[in-house]
Amino acid sequence: MCEVSPTDCSLLVVTGPTASGKTRKAVAVARAFGGEIISADSRQLYRGMDLGTGKDLDEYGDVPYHLIDICPAGYRYNLYEYVRDFRKVYADIRSRGRMPIMCGGTGLYVETVLKGIDLPEVPENPSLREALSGKSLEELTEILAGMKRLHNVTDVDTAKRAIRAIEIQTYYIDHPEEVALTRTRPISDAVVVGVDIPRDDRRRRISERLAARLDGGMVDEVRRLIGEEGIDPDNLIYYGLEYKFLTLYVMGKMTYDEMFNGLETAIHQFAKRQMTWFRGMEKRGIPIHWLPYDMDDERFVDSVRRLL
């Protein structure tokens, strides 16, 4: 933990479940400490996927942000690429004497960066993909569960995600020499702040935010991605949550009510899984300092300053 001033801390992390308001808190801290935001959101990476991923770019104002809008929609960015890109941005921010502030709720990204795990780049395996292509999501989940413990449940959110996870795990099994060479470069002086929100408040904010984004044109965003951008609907479904349900609605496979109710439930379940991941991080040796979501920005910044 940093003991002197914010500039002595090599990385501040602001994380928490969806709808907790962590972006606004991270921006307030960045303004106070001369920081720059590095996104830790696995879907805000994609250009044109704005409402569905909750980018809320207007919240940043004049605060610089990174690893948002860096890939075209339809691309399948992976953990290896994130670690690689994070390290480049992180080093650049540090070299300019600024404070890197990692902000996002993708626990896998946060934990991998903090532990400093180097990952081998895993190429596609066309023959394996073909062999798995006819299997159900349940069958794929069973295969993956037989290969590793399923810490990251988003691996089995869709069949395509499950196939990629099996592909990665198969590569690790077939190339033990690369796994054996994996090194860790943990960020030992990082401070992790969690935005704590009670379950009932979280559920209310999720439902209110979903309704607001639908009113704001989220369905039209998906129609544009499919119609004008030419994104394969299956590739949007791959991203899960909003893009899965809205694509199924746009394609006529769900009614509006089925889409809304199913998506609302899925987001609530997703937030619950996020909290399970964060609790797991704490058990795996990463302390998280939880601060109330409804703390005003000034008090939040002061509380973070004391932690640093």
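The values are calculated or read from the model by the stated rules, or taken from the named source; none is laboratory data. As the structure is a prediction and not an experimental result, all values here were calculated from the model. When we count neighbours, we look across all protein chains shown, and the Cβ atoms used for this are built from the backbone with ideal geometry, even at glycine. What goes into the accessible areas is simple: the full protein's heavy atoms, side chains included, and nothing from ligands, DNA or RNA. Shrake-Rupley method; radii C 1.70, N 1.55, O 1.52, S 1.80 Å.
Data table
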{"read-out": "Close pairs (6 angstrom Cβ cut-off, 6 or more residues apart or separate chains): without any contact (Cβ under 8 Å) to a residue 60 or more places away in the chain in region 165-177, acidic (Asp, Glu) anywhere", "value": "ALA165/ASP155"}
{"read-out": "Only listed residue being open to solvent by 20 Å² or more (accessible area, probe 1.4 Å) and at positive phi, chosen from GLY216, GLY240, GLY227, GLY285", "value": "GLY285"}
{"read-out": "Pick from region 78-110, criterion in a loop (DSSP other than H, G, I, E, B) and over 28 Å from PRO123 (Cα atoms), ranking: nearest to the chain's Cα centre (by Cα)", "value": "ARG98"}
{"read-out": "Helices (runs of 4 or more DSSP H) lying entirely in region 205-308 (those with 3 or more residues that are under 22 Å from LYS25 (Cα atoms) and hydrophobic (A, V, I, L, M, F, W, C))", "value": "256-283, 297-307"}
{"read-out": "Flag for TYR60 being more than 27 Å from ARG204 (Cα to Cα) and of a type in the set (Phe, Trp, Tyr)", "value": "no"}
{"read-out": "Tally, over region 43-56, of residues that are over 21 Å from ARG223 (Cβ atoms) and either touching a Leu at 6+ places or on another chain (Cβ under 6 Å) or modelled with pLDDT under 95 (or both)", "value": "1"}
{"read-out": "Filtered residues of region 197-222 (kept if free of Cβ contacts under 8 Å to residues at least 60 places away in the same chain and acidic (Asp, Glu))", "value": "ASP200, GLU208, ASP215, ASP220"}
{"read-out": "Selected residue (only one of ARG94, ARG98 is open to solvent by 10 Å² or more (accessible area, probe 1.4 Å), touching an Asp or Glu at 6+ places or on another chain (Cβ under 6 Å), more than 26 Å from ASP232 (Cβ to Cβ) and not hydrophobic (A, V, I, L, M, F, W, C))", "value": "ARG98"}
{"read-out": "Residues (among the hydroxyl-bearing types (Ser, Thr, Tyr) and either surrounded by 18 or more Cβ atoms within 10 Å (Cβ to Cβ) or touching a strand residue (DSSP E or B) at 6+ places or on another chain (Cβ under 9 Å) (or both)) located in region 109-132", "value": "TYR109, THR112"}
{"read-out": "Answer from THR141, THR154 - the residue that is of a type outside the set (Gly, Ala, Ser), assigned to a helix (DSSP H, G or I), open to solvent by less than 60 Å² (accessible area, probe 1.4 Å) and modelled with pLDDT under 80", "value": "THR154"}
{"read-out": "Inter-residue pairs, beta-carbon under 7 Å, first under 15 Å from ARG213 (Cβ atoms) and in region 249-267, second surrounded by fewer than 13 Cβ atoms within 10 Å (Cβ to Cβ) and modelled with pLDDT of 95 or more, 6+ apart", "value": "TYR249/TYR256"}
{"read-out": "Scope region 44-65; condition open to solvent by 40 Å² or more (accessible area, probe 1.4 Å) and out of contact with any Pro (no Cβ under 7 Å at 6 or more places or on another chain); matching residues", "value": "ASP50, LEU51, ASP56, LEU57, ASP58, GLU59, GLY61, ASP62, PRO64, TYR65"}
{"read-out": "Filter pass, PHE245 being under 18 Å from ARG43 (Cβ atoms), open to solvent by 20 Å² or more (accessible area, probe 1.4 Å) and of a type outside the set (Asp, Glu)", "value": "yes"}
{"read-out": "Flag if TYR75 is of a type in the set (Phe, Trp, Tyr), over 26 Å from MET275 (Cβ atoms), open to solvent by 10 Å² or more (accessible area, probe 1.4 Å) and within 16 Å of the chain's Cα centre (by Cα)", "value": "yes"}
